[in-house]
Amino acid sequence: MGVLSGYKRFKKYLRTGDGYKLCSEWTKSDSVEMNDGKTLQENMDNVAEDVESTRNDIADVHNELKTSLGGMTFGVDAAGRYGYIKAGADTVTPFKIIPDSFNISFDFHAHANYDYANIRIPTLGYKRLYVSIQPSNNFKAISIKLCNSSNGIIKVYLVTKTSHICDINIPENVNYINFEPAQINEGNTPGYMGVGACSVQISLLGNAL
């Protein structure tokens, strides 16, 4: 008999109340028992089935949502803005974060030549400014200053008692709009703005955001 003959591979079994169970010296997924009495392979098979079922459920929800939205989906454009994609389209239409128009009104009360407070508002992506004023008898005018992000003045408009409506296209480099009583020279008094009150109504239009 040769030196290598006569050898066989054996597996060990343990006797339990439920019969004999395999006790493998080579750890395999089908011979490792978990706490629930199932083998590791059986549990892995169950996990795989659960994952596949969950994937199918997600796909069903996605298809149902897409159908309910008429084929519309969502995405991000090249500028990083979130938006929606119309059915059959390729481009993302960004969501608008503010309304198409914005209206506000405020009052100026000038008690002396330099006794006033200015009002500053951001452009918020709007492209057009419409201003109307209703001044008292002694109030002269208001000054509208279009400013950049560093508060540098880009352009100045004057709205007076006689020309009390102003329609302005807002340039791209304008970030803020300052409103203040205008200092108009009258006689020998520099910077005279008049004493009184002025009601101001503004509308920002053409939102691009």
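Residue count for the stretch 178-209 under the criterion of being more than 19 Å from residue 134 (Cα to Cα) and modelled with pLDDT of 60 or more: the result is 5. Among the residues of the stretch 78-134, those identified as of a type in the set (A, V, I, L, M, F, W, C), open to solvent by less than 50 Å² (accessible area, probe 1.4 Å) and at pLDDT 85 or above are 85, 89, 92, 106, 119, 121, 129, 131, 133.
Of all residues in the stretch 15-69, exactly one satisfies the criterion of being aromatic (Phe, Trp, Tyr) and at pLDDT below 70, namely 26.
The values are calculated or read from the model by the stated rules, or taken from the named source; none is laboratory data. For clarity, every value in this text was computed on a predicted model and none was experimentally measured. Calculation scope for accessible area: heavy atoms of the full protein, side chains included, ligands and nucleic acids excluded. Shrake-Rupley method; radii C 1.70, N 1.55, O 1.52, S 1.80 Å.
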